[in-house]
1. Pull up all non-local amide H partners of residue 91: gap of 5 or more, or a different chain, and H-to-H distance under 5 Å with H placed in the peptide plane.
2. With labels modelled as points extended 7 Å from the Cα through the Cβ direction, what inter-label distance (nm, one decimal) is found for residue 186 paired with residue 68?
3. Using packing as a proxy for protection, rank 41-50, 66-75, 157-166 so that the peptide with the highest average count of other Cβ atoms within 10 Å comes first.
Amino acid sequence: MTHESTSSAPAPGRRLPASGDRATSFGFDLAARQALARGDREQLARLFDLAFERVHGYIARMVADEHIAEDLVQDSFVRIQRGLATYRPECALRPWLFTIASNVLRDHFAARRQAALDVDALAAEPVDRHEAPSVRVEHSERAAAARAALATLSEQARAVIVLRHFEGLSYVEIAAALRISEDTARQRYVRGLAKLRVRLVSFAPKAGEPS
């Protein structure tokens with residue numbers, strides 16, 4: 001899927017301090033980001049290697065179908081490559097990339113006239129084949145309960161929770177990626193978690209049990 005839309009244009013990224021903040025740019029320093037903005041193929045390949053799993057993880061948690069997720073990841077990196085002409089090297093790469101991935105998701109769901117995101121994969125846990133069957137059943141039940149709880153949240157609340165909890169983005173970066181204010185991102189995260197805790201209270205560890 002490589003369709004273009006007006007929402008695919010990335011929002012401005014977070015401007016980095018003069019010293020640079022490589023942690024928010026997948027390890028790219030200013031010189032590397034400048035080369036990337038010029039379309040340097042070596043830096044582009046490096047960006048793909050370093051960012052692929054993060055972008056894929058974000059999209060896969062928002063879309064249950066792995067084949068669709070793969071198409072959307074591919075679409076995201078096509079848009080990332082095309083968008084480098086407008087990328088400003090003084091800004092962090094991470095929120096810029098997640099802005100593009102968020103736009104791809106937004107277009108995907110709008111095209112299918114869906115009002116909410118499919119979060120089937122959001123709470124999925126890796127299967128450990130060495131675990132006892134009873135433990136695997138418990139994990140499955142927890143995952144199903146988490147999916148059901150997440151399905152009750154708004155699209156924006158889910159996106160905030162995924163980006164904050166799973167991807168470790170700051171509220172500033174989430175705000176840039178979703179085109180909302182930092183305060184709004186913080187409020188949606190806190191309120192979303194509060195709603196999830198209420199709905200998942202029966203799965204909370206009991207006194208004396210490990211968390």
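Where a number appears in this text, it was derived from the coordinates with a stated rule and is not lab data. Not measured: the values here are computed from a predicted model. So basically every Cβ, Gly included, is an ideal-geometry build from the backbone, and we count neighbours across all protein chains shown.
1. Distant-sequence amide H within range of residue 91: 16.
2. 3.4
3. Numbers: 41-50: 14.2, 66-75: 16.9, 157-166: 21.6.
Packing proxy ranking, top to bottom: 157-166, 66-75, 41-50.
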